[in-house]
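Quick notes on the structure that follows.
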Amino acid sequence: MFGCLVAGRLVQTAAHQVAEDKFVFDLPDYESINHVVVFMLGTVPFPEGMGGSVYFCYPDENGVAVWQLLGFVTNEKPSAIFKISGLRSGKGSQHPFGAMNIPQTPSVAQIGISVELLELLAQQTPITSAAVSSVNSFTEFTQKMLDNFYNFASSFAVTQAQMTPDPDKVFIPASVGLKWYENFQRRLTQNPFFWKT
């Protein structure tokens, strides 16, 4: 039902089910992790009116589990990126994993997902430093992606005189790529979410 991704590591899609409505992913060597992505696999949706609160758990200096609410995923918002690098010094929050006997290892943190009513999710307050998804970072990423694509595609440009006939290849004029790039950039500036319509 869920997946967990840390940059440079394999995608985890086999969460440990610790209760009927609770799932946990282990994060070995968690001290080196900056961000984590939690997403729904698309195979099993949440039941109507339900979603999943996402928690980060790490062992404190005494080995006691500290749980912090990162945010949530729902059928309408099936993925989220969370910054966890600055959370290891914060305080824990209320969490639904308290009665669980989940093994703790000093160098292993966990991502916990608790299936709950959407009304309860709306009342929860995630730790503010975990949120990384914003229009500014999205716009910046998209701009960098556009620049990278245009530079990459332009590196293959040849003049008409340099072209050799090859009936199996289709050529697109570089001016078409430039026009698309400029139009996309203009629309992104006007409305960062234009691509959703």
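Points worth noting:
- TYR58 - accessible surface, heavy atoms, 1.4 Å probe, Å² rounded to 10: 10 Å²
- Accessible area, probe 1.4 Å, largest first, for residues MET40, MET50, MET163, MET145: MET145, MET163, MET50, MET40
- For the pair TRP180 and THR74 in one chain, pulling the backbone fully straight at 0.36 nm per residue adds 34.8 nm over the alpha carbon distance.
- Across the protein chains, with a 1.4 Å probe defining accessible surface, the residues GLU48, GLU31 rank GLU48, GLU31 from largest area downward.
The values are calculated or read from the model by the stated rules, or taken from the named source; none is laboratory data. What you see is a predicted model; the values in this text were computed from it and never measured. For the accessible areas, the whole protein counts, side chains as well, though only heavy atoms, and no ligand, DNA or RNA atoms are used. Shrake-Rupley method; radii C 1.70, N 1.55, O 1.52, S 1.80 Å.
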